[in-house]
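The values are calculated or read from the model by the stated rules, or taken from the named source; none is laboratory data. Quantities reported herein were computed from a predicted structural model and do not represent experimental measurements. Quick reminder, even Gly has a Cβ in these numbers, built from the backbone with ideal geometry, and neighbours come from all protein chains shown. These accessible areas exclude ligands, DNA and RNA; they are computed on the full protein's heavy atoms, side chains included. Shrake-Rupley method; radii C 1.70, N 1.55, O 1.52, S 1.80 Å.
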Amino acid sequence: MSHHLVVRVVSKLLIPYILLFGLYVQFHGDFGPGGGFQAGVIFASAFILYALVHGLNNARKVLPDHWVRIGVALGLIIYAGTGVISLFLGRNFLDYDVLSQNPVSGQHLGIFAVEFGVGLTVASVMVAIFFAFAGRGHKIDEMEG
Amino acid sequence: MEWPGLYNYWIAIFLMMAGLYIVIAQQNLIKKMVGLSVFQASVFILYITMGKVTGGTAPIIIPGDDVLYSNPLPHVLILTAIVVGVATLALGLAIIVRIYEAYGSIEEDDIEKEEENAR
Amino acid sequence: MVLTVFLIVKLHNLFAVVMISGIYSLLAATFFVVVDAVDVAFTEAAVGAGVSTVLMLGALSLTTRTEKTGTRKPFVPLVVVLLTGGALVYGTLDMPVYGDPNAPIHQHVAPVYLEEGIKETGVPNVVTVVLASYRSYDTMGEVTVIFTAGIAVMALLAVGAGGRRRRKDGEDKA
């Protein structure tokens, strides 16, 4: 797609803002609409846009496959690990009250950690699925030109 | 009975049946997947409209105000269901791609014919 | 939305069908905003209209673009669908009307979440509170489902034609 100058320039302009918006949705999800699921999808869509415009091989250079696979697992580990930490601190699994000095801020911290785990897994899985589909075909690779 | 009354359920049922019709009557596997997502969206609509309270607002607490909020519980259920839905959709599409590579077609009767020939 | 569904049934060009299903998702998202489900609308717009359309286009590029015109008779499915729909409509006659604040769904746990949520966690978005705190077991299950689906897609598609390099990586590790 190298001859599509407008698309390339505009996507280069947009991708940082999509990433920034994804982070905003992730970490502002406590106060407004948003959260890990939406943020993960938005974050992944930035990489998918990059892969569509600049070709799959370049996208794989930016975000190598093994990183994606680590992200898929790490998100779930963060989620379950939050539960295990509260288990070790003497409460029930995923009971966030003990994560901080007082229960309210403990809950807030727990929600934050769990949402981060969700966002990481969702983003990595979406990127992984897209890479798997695109890596199999030849038509998307041809677009690199 | 005032408008909208029960119409929200009927719209959800119409969309659901349209999705079911696509799944039953169409032969193309990708179209079946589209039908499944139509069906899925109709279930989402059913849940979300059940959570609506007349005069209510989105369930984000405004401190110190006496505001009526819609029911947040269906929102939570559907929020996760949407993302799980796209994950399962991707799985279905991946299986379709493998079927296409094995049989050279994504039409049900073509696949059945090949199965017959192979037997 | 009704119109888009008719188009999905009628069209034979799969590319158009996928695009219209994206429009259908976007319409559903606007509808969710109208009924106060802002979080859900956000997700539907990002997922339904964005990612799943891209995935379907990816699948189309790996298979075919047009559908054979159907040879199956639409009569039997139509009867089945009408019967099921009729039964469901009959079932809704006992349901509470739209927006009724006294409906059973609003009586049990939702008021507790709305009142206690912000006191117990300090997070004003009740959907986030229920998602990540009160119902965090559920959400962990959902994340596991997504994780599994991602692994399964990788297992199905990353081997064979496009995955020779990756299989070599696996051998190196083993």
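Can you pull the percent of Cα pairs in chain B with separation above 24 Å? Spell out each step's value before the answer.
Working: 3309 of 7021 pairs.
So the portion of pairs separated by more than 24 Å is 47 percent.
Angle between the Cα long axis of helix A:65-88 and the longest principal axis of chain A, 0 to 90 degrees, nearest 10?
10
Along the positive direction of the dipole of chain A (beta-carbon charges: Lys, Arg +1; Asp, Glu -1; about the Cα centre), which of A:Ala134, A:Val68, A:Phe116 reaches farthest?
Checking the options against the dipole of chain A, the answer is A:Ala134.
In region A:5-142, if the dipole is taken from +1 on Lys/Arg beta carbons and -1 on Asp/Glu beta carbons about the Cα centre, which of A:Val25, A:Ser11, A:Phe37 is farthest to the positive end?
In region A:5-142, that residue is A:Ser11.
Just to confirm the number: angle between the C-alpha axis of helix B:72-103 and the first principal axis of chain B, 0 to 90 degrees, nearest 10?
Once rounded, one gets 10 degrees.
Buried accessible area for the C:B pair, summed, 1.4 Å probe, in Å² rounded to 100? Don't jump to the answer; show the numbers that get you there.
Working: alone 14180 and 8700 Å², together 15710 Å².
Summing both sides, the interface buries roughly 7200 Å².
Quantify how strongly other chains surround peptide B:35-42 by giving the mean number of their Cβ atoms within 10 Å of each of its Cβ atoms. Display every interim value, and only then the final one.
Numbers: counts 5, 0, 7, 9, 0, 2, 12, 3.
Mean inter-chain Cβ contacts per residue within 10 Å come to 5.
How many percent of Cα pairs in region A:8-144 exceed 21 Å?
Above the 21 Å cut-off, region A:8-144 has 49 percent of its Cα pairs.
With springs connecting C-alpha atoms under 10 Å apart, model chain A as a Gaussian network and identify which of A:Asn102, A:Asn92, A:Asn58 has the largest mean-square fluctuation.
Highest fluctuation among the options: A:Asn102.
Give me the percent of the accessible area of the protein assembly as shown that comes from carbon and sulfur atoms, probe 1.4 Å, all protein chains in place.
C and S fraction of accessible area: 68 percent.
Hey, what's the per residue convex hull volume over the C-alpha atoms of region C:1-67, in cubic angstrom? Walk me through the numbers on the way to the answer.
On the way: hull volume 3.8 nm³, N = 67.
In region C:1-67, the Cα convex hull volume per residue is 57 Å³.
Treating the beta-carbon of each Lys and Arg as +1 and of each Asp and Glu as -1, no other charges, what is the dipole magnitude of chain B about its Cα centre, to the nearest 20 debye? Please report the intermediate quantities before stating the final value.
Values: 6 positive and 12 negative charges, 54 e Å.
Value, rounded to 20: 260 debye.
Which residue, A:Ala51, A:Ala73, A:Ala39, has the most motion in a Gaussian network model of chain A that connects Cα atoms within less than 10 Å?
With Cα springs under 10 Å in chain A, the top fluctuation among A:Ala51, A:Ala73, A:Ala39 is at A:Ala73.
For a bin width of 10 Å, list the pair-distance distribution of the protein assembly as shown built from all Cα-Cα distances, rounded to whole %.
Spelled out per bin, shortest first, that is 4, 20, 28, 26, 16, 6, 1, 0.
Running a GNM on chain A with Cα contacts under 10 Å, which residue among A:Val84, A:Val122, A:Val41 ends up with the highest mean-square fluctuation?
Comparing A:Val84, A:Val122, A:Val41 in the GNM, the peak value goes to A:Val84.
Where nothing but the Cβ of Lys and Arg (+1) and of Asp and Glu (-1) is charged, how large is the charge dipole of the protein assembly as shown around its Cα centre, in debye to the nearest 20? All intermediate terms of the calculation are to be shown ahead of the outcome.
Numbers: 27 positive and 34 negative charges, 314 e Å.
For this selection, approximately 1500 debye.
Using a 10 Å Cβ count of at most 13 others and DSSP loop calls, identify the longest part of chain C lacking such trypsin sites (Lys or Arg not before Pro). Show your work: numbers first, answer last.
Details: sites that count: C:Arg65, C:Arg72.
Within chain C, the longest run free of exposed trypsin sites (Lys or Arg not before Pro) spans C:73-174.
To the nearest 100 Å², how much accessible surface do chains A and C cover up together, summed over both, with a 1.4 Å probe?
4100
Please give the residues from region B:10-30 for which the solvent-accessible area of heavy atoms, probe 1.4 Å, is smaller by at least 50 Å² with all protein chains in place than with the chain isolated.
Correct list: B:Trp10, B:Ile13, B:Phe14, B:Leu15, B:Met17, B:Tyr21, B:Ile24, B:Gln27, B:Ile30.
Compute, for region C:1-120, the length of the dipole vector about the Cα centre, with Cβ point charges of +1 (Lys, Arg) and -1 (Asp, Glu) only. Units Debye, rounded to 20.
1020
Over region C:81-142, average the accessible area per residue using a 1.4 Å probe and give it in Å², no decimals. Walk me through the numbers before you get to the answer.
Values: 3170 Å² over 62 residues.
Per-residue value: 51 Å².
Out of the chymotrypsin sites (Phe, Trp or Tyr not before Pro) in region A:1-102, which ones are loop residues according to DSSP with at most 14 other C-beta atoms within 10 Å? Present the calculation step by step, with values, prior to reporting the outcome.
Details: sites: A:Tyr17, A:Phe21, A:Tyr24, A:Phe27, A:Phe31, A:Phe37, A:Phe43, A:Phe47, A:Tyr50, A:Trp67, A:Tyr79, A:Phe88, A:Phe93, A:Tyr96; in loops: A:Phe31, A:Phe93.
Loop-located and lightly packed - A:Phe31, A:Phe93.
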